[in-house]
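Accompanying notes for the structure given below.
Read-outs: derived from the displayed coordinates by stated rules, not from any lab. If you're wondering where the values come from, they're calculated on a predicted model, not measured in any experiment. No Cβ is skipped: glycine too gets one built from the backbone with ideal geometry, and neighbour counts run over all protein chains shown.
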Amino acid sequence: MSRTYLPLWITFALVLLMFGAGASQFDGFASLRVVTNLISDNAFLLVTALGMTLVILSGGIDLSVGSVIALSGVAAALLIGPYQWHPLVAFAVILPCAALFGAGMGALIQYYQLQPFIVTLAGMFLARGVATLLSEESVAIEHPFYDAVAEFGLELPDGGWLGATSLLTIALVLLMLVLTHYSRFGSYVYALGGNSQSAQLMGVPVARTTILLYASSSMLAAMAGIIFSFYTYSGYALSAVGVELDAIAAVVIGGTLLTGGSGFIIGTVLGVLLMGLIQTYINFDGSLSSWWSKIVIGGLLFFFIALQKLLSKQWQSKAGGKA
Amino acid sequence: MSEQSNNSSATPVLQLRQINKNFPGVKALQQAQLSLYAGEVHALLGENGAGKSTLVKVMTGVLQKDGGELLLDSTALNFDTPKDAQQAGISTVYQEVNLLPNLSVAHNLFLGSEPKRFGLIDKKAMANQARQLLSTFGLDINVTAPLSEFSVAVQQLVAIARGVAPKRGAACTKVLVLDEPTASLDADEVQTLFQVLRQLKQQGVAIVFITHFLDQVYQISDRITVMRNGCFVGEYQTAHLNKAELIAAMLGKELCQQRHQAPCVAVEHSEAILIARQLNSGQSVQQLDLDLPAGQAVGLAGLLGSGRTEICRLLFGLDQADGGTLSFAGKPIKLSNPAQAIALGIALCPEDRKTEGVIAPLSIRENISLALQAKQGWWRVISKKKQQQLADFYIEKLQIATPDADKPIGQLSGGNQQKVILARWLAVEPKLLLLDEPTRGIDIGAHAEILQLIRQLCQQGMSLLVTSSELEELTAFSSKVVVMRDRKKVAELSGEDLNPDRIMAAIAGASV
């Protein structure tokens with residue numbers, strides 16, 4: 001049992017360590033404001049990583065999420081700006097469209113037995129291309145709804161402030177937590193990641209699960225794009241380049257096995273927080289180049305991948321010894 | 001038979017009639033049939049490629065039949081997916097445990113029909129139900145631990161428990177299909193399994209039991225259906241069919257008696273080609289003394305995990321010895337990788353041909369020339385013509401059933417795949433051939449041919465070390481049999497002592 005939870009505990013310890021290091025060195029680091037900023041600054045990454053967790057748990061990968069973020073942002077900006085739609089109406093159109101896009105990729109993966117890597121790579125180019133076609137330039141968003149949302153939030157002591165997007169993100173985390181660990185769909189996702197052939201023979205609706213899975217990932221990415229647009233008040237086709245890789249990194253640092261079948265939503269949350277904390281630490285320091293965050297994250301990834309390998313090797317030798 | 005007549009009703013619970021199934025170029029099933037009554041254990045027997053698995057797959061919705069009918073409780077049905085069959089009350093436990101190692105035992109039992117509370121999975125209730133279900137099987141394990149933490153035997157029992165567990169929206173289990181359930185179990189575990197089967201029989205479940213172990217058929221089954229080449233051969237009462245008749249039905253010919261031939265010894269009192277002294281390898285082999293005489297076949301017996309396979313790996317350089325000495329053809333050697341072993345003239349046919357031997361998409365020709373090519377070095381390419389000659393030679397010599405040498409090996413039956421792997425190593429012309437379970441999972445006909453081949457090879461002067469779980473088989477060709485128990489050599493039997501009973505006694509040792 002402890003083997004399953006070990007990566008999770010390590011990430012948790014690292015989050016505490018990082019926070020402790022910041023708090024001991026900088027005044028004002030140990031404040032609610034830093035924590036709430038951490039959430040709002042990383043909200044879009046966290047939401048994307050939630051979908052990525054599902055996909056990776058099933059043994060797949062989704063490279064298209066960064067482009068989907070950009071596309072949904074551009075689409076929202078255009079619909080709200082030039083086309084004068086109400087933002088909520090625009091969102092109500094964009095989210096199902098994104099889900100359809102993901103379902104399409106899932107269907108290709110399922111029915112043509114294609115590699116998720118290739119299919120979502122194609123999806124990545126496609127979505128980025130369409131976004132650039134819609135508008136090469138950044139489209140600004142000006143709408144009373146956006147202003148109202150920006151003002152809405154929960155005032156916390158110690159300078160803390162949970163804005164609407166942070167609250168939405170927290171709600172999504174809770175939703176995904178329940179969906180992944182306490183719903184039948186969630187167990188099917190784990191089943192796919194364990195062994196899709198066995199899953200099929202055990203009566204798991206493999207096709208439906210795969211399609212739903214990629215649909216949710218794309219929809220969460222579109223949601224992240226909308227959250228991102230509240231953050232930047234614009235939609236830009238070249239935004240969120242490489243976010244898919246950040247999301248994958250967060251999932252892996254959170255202790256989810258890249259081969260699928262093992263991991264936790266809460267791990268991904270910790271992974272995102274850890275990455276955010278590193279950035280925050282660098283910001284507080286002021287003299288460090290922000291590229292240090294990439295270097296640290298790279299090192300962490302190496303560490304966690306080695307850890308995974310070690311654990312799964314133990315697992316295999318255990319199972320193999322009896323075969 | 002009395003049990004069966006007590007429980008059976010006039011109409012079968014499941015009837016398959018005139019089932020046809022075609023694959024491209026192959027008629028896998030022709031007019032196949034099977035009748036199952038409630039509360040019986042029905043053995044479904046036949047050689048590899050007889051169509052047992054195909055018939056089972058049709059019955060369980062994995063494959064769709066091309067013709068014929070399937071009656072469940074006298075109603076004609078069609079299953080499009082495994083789920084349809086499960087819903088109708090037909091459960092299957094496949095040869096390899098087809099469960100999910102990453103999920104908990106409880107979740108494996110109830111995946112797809114988890115108990116729910118407020119629309120969410122109730123993990124506590126699930127664990128309780130799992131404990132309850134497994135206790136009827138005499139299993140008391142931590143049901144919240146991942147399945148991968150348990151032995152194959154436990155996993156097998158969990159798979160069967162899943163087969164009979166109540167499922168959401170499904171009829172209770174009427175038919176339970178067990179495809180080679182005992183292949184990876186030891187004798188005690190087989191008895192536990194049979195205990196469970198008898199219990200299920202009492203509850204009125206019809207059990208289809210597919211196996212290669214004929215002794216087990218006589219131990220547990222009430223009736224037998226025999227298939228051959230995709231056709232129905234006959235349906236028999238187990239009590240009224242003796243083993244010879246059964247084998248004759250399966251083969252379509254009387255199996256020549258292999259058993260009482262003299263051991264194969266080309267040279268009496270030959271020099272030892274390989275001598276091991278006090279050989280140690282971590283936990284897996286301890287203080288092994290072993291002499292392999294040239295031109296003789298030596299048998300290696302023992303239970304799974306006794307160190308048999310480990311010895312083969314050690315002698316082929318796959319594992320490294322950490323103590324003791326080894327000499328080959330009179331010279332002391334040290335093996336640190338298989339390439340050295342191959343260069344010396346040692347070859348290994350591994351136990352698990354699916355994962356360690358066969359390269360399924362490659363042709364027979366390519367599979368055969370692989371080892372020779374590796375031995376020659378990759379820069380000296382074997383011409384296609386030479387490969388073809390080699391392949392044709394061995395296809396002829398080993399009677400590999402294939403239209404030509406270019407057929408992908410993955411499309412051959414188990415026995416023929418095994419022959420190709422043998423051919424691969426024979427092509428290298430080794431001095432010492434290590435065969436790890438060469439006859440596992442292949443049909444009786446091919447079995448006899450492989451035993452014949454082992455004898456021939458000995459006569460040509462090759463030395464062999466053969467591991468096998470089938471004791472009669474070992475006595476059929478070995479000049480002596482080395483018995484392993486708990487990673488140590490416990491006996492070396494030859495001459496008068498060389499018979500299955502003595503080997504069995506040595507394997508059982510003090511534990512009996």
Normalised radius of gyration for chain A, please: alpha carbon Rg relative to 2.2 N^0.38 Å, two decimal places. 1.01
Multiplying the sequence separation of A:H86 and A:A13 by 0.36 nm and subtracting their Cα-Cα distance, what value in nm do you get? 21.8 nm
Given a Förster distance of 25 Å, report the FRET efficiency between B:Q340 and B:I382 from their Cβ-Cβ distance, rounded to the nearest 0.05. 0.70
How big is the shadow of the Cα convex hull of chain B, averaged over all directions, in nm²? 26.1
Quick one: length gained pulling B:Q199 to B:D501 fully straight, 0.36 nm per residue minus the C-alpha distance? 105.6 nm
Taking the Kirkwood radius as the inverse of the mean 1/r across Cα pairs, report the Rg/Rh of the range B:9-132. 1.05
For B:K384, B:K407, order by how many other beta-carbon atoms lie within 10 Å, fewest first: B:K384, B:K407
May I ask you to sort A:T256, A:T232 by Cβ crowding, counting other Cβ atoms within 10 Å and putting the fewest first? A:T232, A:T256
Calculated [θ] (222 nm, deg cm²/dmol) that DSSP helices of n ≥ 4 give over chain A, each run adding -39,500 (n - 2.57): -25500 deg cm²/dmol
Simple spin-label estimate for B:D406/B:I359, 7 Å along Cα→Cβ, in nm, reads 1.8
Along each principal axis, Cα extent of the range A:212-323, largest first, Å: 59, 42, 22
Take peptides B:75-82, B:341-348, A:244-251, B:496-503 and line them up by average Cβ neighbours within 10 Å, highest first, as a rough protection proxy. A:244-251, B:341-348, B:496-503, B:75-82
Cα lying deepest toward the dipole's positive end in the range B:272-511, options B:L362, B:A276, B:V381, charges on Cβ: B:V381
I'd like the antiparallel share, as a percent to the nearest 5, of DSSP beta bridges with both residues in the range B:272-511. 55
Per-residue Cβ counts within 10 Å, from other chains only, averaged over A:194-200: what number is that? 6
Please work out whether the range B:98-169 counts as rounded, prolate or oblate from its C-alpha gyration tensor, where a ≥ b ≥ c are the square roots of the eigenvalues and a/c under 1.5 means rounded, while otherwise a/b larger than b/c means prolate and anything else oblate? prolate
Using 7 Å Cα-to-Cβ label points, what is the B:S327/A:L134 separation (nm, one decimal)? 8.1
Calculate how many DSSP beta bridges within the protein assembly as shown are antiparallel, expressed in % of all such bridges and rounded to the nearest 5. 60
Roughly what % antiparallel, to the nearest 5, for the DSSP beta bridges in chain B? 55
Two pseudo-spin positions, 7 Å from Cα along C-beta at A:F303 and at A:F117, lie apart in nanometres by 2.6
Return the Rg/Rh value of the protein assembly as shown, two decimal places, where both radii are evaluated on C-alpha atoms and Rh is the Kirkwood radius. 1.04
Build a GNM of chain A with springs between Cα atoms under 10 Å: which of A:G242, A:G163, A:G286 gets the top mean-square fluctuation? A:G286
